[in-house]
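Everything below concerns the one structure shown next.
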């Protein structure tokens, strides 16, 4: 997360603020239903937005059959996410376009760090009992330490959903604060709320506030392993929480949708949401990421269509 901007230092837990949170579900549904229909980015602007989306991707592999070879291929694609001939046609060959980060399991961090050596692309690691967050706290903290020791510059932590479902906001705050203290200055921290498991939009809003109060640099929708992952409804609620937190504290917090974002059209809608709810600064990689594994291929295909007027076969857009 190559940002020199001041990080969110967090604040004491404000239970009054958390308990007084309100979410109007019907208003959220109306707002999110209108967003894809109203936003259509055309011509040269579309190419610019597609390229911006690429720079905001956390290119991810979190599979049980991950190997050193797979991670190396992923990192090669992270370094060169778009074919050089296409970048030349677009006039951006010299812009150094890469993805935002590569995200892997802790035991694959060293592979990714080695494969990305000499680039400015950070390695992100999931930790803290991903994806369920149900392992003992000392073990979860040790995962953060091990990932940082291996070279991770970003840590995607997962919360224990029980704290949210039972309304134990103090326990959630203490847990996330401990994770942030463990990350220290060595790594930026993204807090995964697993929104599909949290029950209500109000609880998503409350969990967002508590995670930011505890010092999260980013809040993230999902692990990608839940039945329901990144939806615009969850995204709107979380970005409104970010906006309220920023208005009260002047500390910006980033946002990361993850899980189910596989099409270029979806990525452009998420970028539109960032611009309309938080402003243009939240369309940059230091404040916005998309967790994805297959999205990049569709973004590259859409750029090819923009250049040539027809779609390339997927084998013309290899992963690495």
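The gain in end-to-end length when the residue 134 to residue 307 segment is fully stretched comes to 57.5 nm, 0.36 nm per residue minus the alpha carbon separation. Here, the chain yields an orientationally averaged convex hull projection of 15.5 nm² when only Cα atoms define the hull. Over the chain, Cα pairs under 8 Å with separation of 6+ residues give a relative contact order of 21 percent. The angle between the Cα long axis of helix 201-213 and the longest principal axis of the Cα atoms of the chain comes to about 90 degrees, rounded to the nearest 10.
If you take the beta carbon distance between residue 22 and residue 225 as r and set R0 to 22 Å, what does 1/(1 + (r/R0)^6) give as a FRET efficiency, to the nearest 0.05?
My answer for the efficiency is 0.15.
Contact order for segment 136-231, expressed relative to its length and based on alpha carbon pairs under 8 Å spaced 6+ residues apart, stands at 30 percent. Packing order of peptides 272-282, 89-99, 103-113, 198-208, highest average first: 103-113, 198-208, 272-282, 89-99 (average count of other Cβ atoms within 10 Å over each peptide's residues). The simple spin-label model puts a point 7 Å past each Cα toward its Cβ; for residue 171 and residue 93 those points are separated by 5.9 nm.
Segment 113-133 and segment 163-214 have Cα centres lying 20 Å from one another. Suppose the Debye formula is applied to equal point scatterers at every Cα of segment 129-232; what is log10 I(q)/I(0) at q = 0.12 Å⁻¹? Log10 of I(q)/I(0), two decimals: -0.34. With the alpha-carbon atoms of segment 178-302 aligned to their principal axes, the span from lowest to highest coordinate is 41, 31, 29 Å, starting with the largest.
In the chain, the longest principal axis of the Cα atoms and the axis of helix 232-249 are about 60 degrees apart.
In segment 51-70, whose amide N lies under 11 Å from the spot 7 Å out along Cα-to-Cβ of residue 114? List them in ranges. From segment 51-70, the list is 68-69. On C-alpha positions alone, give me the angle between the axis of helix 169-183 and the longest principal axis of the chain, in degrees, nearest 10. For helix 169-183, the angle is close to 50 degrees. A Cα-only calculation for segment 30-136 places Rg and Dmax at 17.1, 52 Å.
Counting every other Cβ atom within 10 Å of each residue's Cβ, 249, 308, 239 order from fewest to most as 308, 249, 239.
Throughout, read-outs are computed from the coordinates displayed, never taken from laboratory work. Fair warning: this is a prediction, and the values are worked out from it, not measured in the lab. For neighbour counting, all protein chains shown are included, and Cβ atoms are generated from backbone atoms with ideal geometry for every residue, glycine included.
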